[in-house]
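**Student:** Sharing a structure below in structure tokens format, with a few things to ask.
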Amino acid sequence: MLTVNAIAATSATDPLVRTTIERRDLGPRDVLIEIRYAGICHSDIHTVRGEWGEIAYPQVVGHEIVGRVAEVGGEVSKHAVGDRVGVGCMVNSCRECENCRAGQEQYCLEGNTGTYTAVDRDGTITQGGYSTHIVVDQDFVLRVPESIPYEKAAPLLCAGITTYSPLAHWNAGPGKKVAVVGMGGLGHMAVKFAAAMGAEVTVLSQTLGKKDDGLAFGGGDYHATSDPATFEALKNTFDLIINTVSAPIDMAAHLGLLRLGGTLVSVGAPPEPLPVQVFSLFDNRRSFAGSSIGGIAETQEMLDFCAEHGIASEVEVIDADAVNEAYERVLRSDVRYRFVIDIDSLR
């Protein structure tokens with residue numbers, strides 16, 4: 001076992017603290033990664049505060065992980081010592097079900113093994129990326145292109161693939177009108193991706209406070225959802241709406257923005273249910289859908305797409321001791337647009 005430094009939650013209410021955790025011995029198909037940066041996702045906060053259900057403490061979260069390969073098992077063929085790599089929201093799956101065989105491990109019918117709070121193959125609880133090292137099966141390790149700076153690559157492993165996957169699935173591209181609800185860690189990536197795919201992009205945010213950024217990232221238009229006139233002006237406009245916010249929204253009003261056959265996809269995950277009136281779907285044959293992350297192959301596709309199009313996350317790098325303050329700032333939407341922990345500060 002390898003003892004490594006980490007930042008852990010000890011309860012749903014106490015601040016995160018420095019600690020040490022044990023990583024399993026390297027198996028023949030395992031990769032030991034020396035973590036350089038770990039992004040802070042809103043999911044981390046929901047998880048450690050018990051908002052998505054009970055978890056076992058102490059718990060180390062973090063599923064936006066980038067670093068270099070420090071050691072490989074004897075049967076590893078996909079990665080070598082020194083490679084730039086990343087790990088996202090899952091570290092294993094059954095490999096055998098219909099979805100896994102289709103390259104959709106995120107929808108594993110047995111349940112994929114999450115990077116944290118899941119039961120690992122040795123019966124222990126998985127611990128995430130707020131730590132100096134992690135051991136992961138080679139099949140769930142991604143190659144990070146050299147052209148993407150480490151710190152800007154980390155959020156791509158969750159915020160990036162979470163928004164890329166539905167845009168690709170619902171065919172965002174030339175001739176399509178796409179709206180992005182929310183301009184946070186997920187939203188700013190959705191704007192960049194949709195624009196790079198060739199879609200006509202509109203940003204829908206609570207206020208106009210981030211308008212300049214939204215337009216700079218590729219948005220062609222920007223509207224405040226706090227203004228009722230927005231919903232009247234944009235009625236029956238969009239082919240696709242990506243809802244990235246982790247708070248309730250007026251579903252009827254947002255569904256009314258879809259044109260014939262349009263789809264609203266939620267990728268943000270508020271703790272509260274989102275009420276949907278079926279009659280809101282009848283008009284214009286609208287659809288309401290959800291989307292998780294992507295499979296391993298699609299996540300690699302997304303990273304390569306970022307390298308090809310010069311796309312990266314907008315980040316604020318912090319030291320390990322600033323994590324609790326960062327959590328509070330995330331809840332106040334006081335970050336542009338993703339906090340990333342410099343793991344060297346944890347060594």
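Each value in this text was obtained by applying a stated rule to the coordinates, not by laboratory testing. Keep in mind the model is a prediction, meaning the values are calculated, not measured. Every residue, glycine among them, receives a Cβ derived from its backbone with ideal geometry; neighbour counts consider all protein chains shown.
**Student:** Could you work out the local net charge near S77, counting Lys and Arg as +1, Asp and Glu as -1, over the other residues with Cβ closer than 15 Å to its Cβ? It would help to have the intermediate numbers written out before the result.
**Tutor:** Numbers: positive: R29, K78, R143; negative: D30, E71, E75, D83, D137, D139.
Summing Lys/Arg as +1 and Asp/Glu as -1 gives -3.
**Student:** So, one more: Set the Förster radius R0 to 22 Å, insert the Cβ-Cβ distance between S11 and C94 as r into 1/(1 + (r/R0)^6), and round the FRET efficiency to 0.05. Before the final figure, lay out each step's value.
**Tutor:** Numbers: r = 32 Å, r/R0 = 1.45.
After rounding, the FRET efficiency stands at 0.10.
**Student:** Kindly provide the pair-distance distribution of the stretch 103-170 built from C-alpha pairs, with 10 Å bins from 0 and whole-percent values in order of increasing distance.
**Tutor:** Going out from 0 Å in 10 Å bins, the stretch 103-170 shows 15, 46, 33, 6 percent.
**Student:** Given a cut-off of 11 Å, what percent of all Cα-Cα pairs of the stretch 58-97 lie beyond it? Before the final figure, lay out each step's value.
**Tutor:** Numbers: 571 of 780 pairs.
So the portion of pairs separated by more than 11 Å is 73 percent.
**Student:** Can you give me the Cα centroid spacing of the stretch 176-216 and the stretch 20-43 in angstrom?
**Tutor:** Taking the Cα centre of the stretch 20-43 as reference, the centre of the stretch 176-216 is 32 Å away.
**Student:** Explain nothing, just the number: relative contact order of the chain, from Cα pairs under 8 Å at least 6 residues apart, as a whole percent.
**Tutor:** On the way: 823 pairs, mean separation 61.3, N = 347.
Result for the chain is 18 percent.
**Student:** Evaluate the charge dipole of the stretch 205-346 about its Cα centre and quote only its size in Debye, nearest 20, assuming +1 on the Cβ of each Lys and Arg and -1 on the Cβ of each Asp and Glu.
**Tutor:** The calculated dipole for the stretch 205-346 is roughly 800 debye.
**Student:** Can you list which of the GluC sites (Glu not before Pro) found in the stretch 49-129 are DSSP loop residues with at most 16 other C-beta atoms within 10 Å? Don't skip to the answer; put the middle values down first.
**Tutor:** Details: sites: E51, E54, E64, E71, E75, E96, E98, E105, E110; in loops: E51, E54, E64, E75, E96, E110.
In loop regions of the stretch 49-129 (DSSP not H, G, I, E or B), the sparsely surrounded GluC sites (Glu not before Pro) are E51, E54, E75, E96, E110.
**Student:** While we're looking at this one, here's another question. Give me the percent relative contact order of the stretch 160-290, please, defined on Cα pairs under 8 angstrom at least 6 residues apart.
**Tutor:** Values: 281 pairs, mean separation 28.1, N = 131.
That works out to 21 percent.
**Student:** Using the basic label-point model (7 angstrom from Cα toward the beta carbon), what is the D83 to S345 distance in nanometres?
**Tutor:** 3.0
**Student:** Would you calculate, for the chain, the mean residue ellipticity at 222 nm contributed by helices, counting each DSSP H stretch of 4 or more residues as -39,500 (n - 2.57) and dividing by all residues, to the nearest 500?
**Tutor:** Numbers: 11 runs with 83 residues, N = 347.
That calculation yields -6000 deg cm²/dmol at 222 nm.
**Student:** Let me ask another. Using the Kirkwood radius over Cα pairs, work out the Stokes-Einstein diffusion coefficient for the stretch 45-187 at 37 °C and 0.692 mPa s, in µm²/s as a whole number.
**Tutor:** Values: Rh = 16.8 Å.
It comes out at roughly 195 µm²/s.
**Student:** With a cut-off of 14 Å, note down the residues of the stretch 284-324 whose backbone N falls inside the zone around a label point 7 Å from the Cα of N171 toward its beta carbon.
**Tutor:** Answer for this model: none.
**Student:** Next up: Compute the distance from the alpha-carbon center of the stretch 90-124 to that of the stretch 275-347, in whole Å.
**Tutor:** When both Cα centres are located, 21 Å separates them.
**Student:** If you keep only loop residues by DSSP, which chymotrypsin sites (Phe, Trp or Tyr not before Pro) in the stretch 24-126 have at most 15 other Cβ atoms within 10 Å of their Cβ? All intermediate terms of the calculation are to be shown ahead of the outcome.
**Tutor:** On the way: sites: Y37, W52, Y107, Y116; in loops: W52, Y116.
For chymotrypsin sites (Phe, Trp or Tyr not before Pro) across the stretch 24-126 that sit outside H, G, I, E and B with at most 15 neighbouring Cβ atoms in 10 Å, the list reads W52.
**Student:** Could I ask something else about it? Helix by helix through the chain, keep the DSSP H runs that span 15 Å or more along the axis on Cα and average at least 0.5 on Kyte-Doolittle, and give those back in order.
**Tutor:** Details: long enough: 159-169 (16 Å, 0.29); 185-196 (17 Å, 1.00); 296-309 (20 Å, -0.16).
Helices meeting the criterion: 185-196.
**Student:** Return one quarter of the surface area of the convex hull spanned by the alpha-carbon atoms of the stretch 160-290, equal to its mean projected area, in nm². Intermediate results must be reported in sequence, preceding the final value.
**Tutor:** Values: hull surface 27.8 nm².
In nm², the orientation-averaged hull projection of the stretch 160-290 is 6.9.
**Student:** Next question. Under a point-charge model restricted to the Cβ atoms of Lys and Arg (+1) and Asp and Glu (-1), what is the dipole moment magnitude of the stretch 1-135 relative to its Cα centre, in debye to the nearest 20?
**Tutor:** Dipole about the Cα centre, nearest 20: 340 debye.
**Student:** Next up: What is the magnitude of the charge dipole of the chain about its Cα centre, with +1 placed on the Cβ of each Lys and Arg, -1 on the Cβ of each Asp and Glu, and no other charges, expressed in debye to the nearest 20?
**Tutor:** Numbers: 28 positive and 45 negative charges, 138 e Å.
Here the size comes out at about 660 debye.
**Student:** May I ask what percent, to the nearest 5, of DSSP beta bridges between residues of the chain are antiparallel?
**Tutor:** 55
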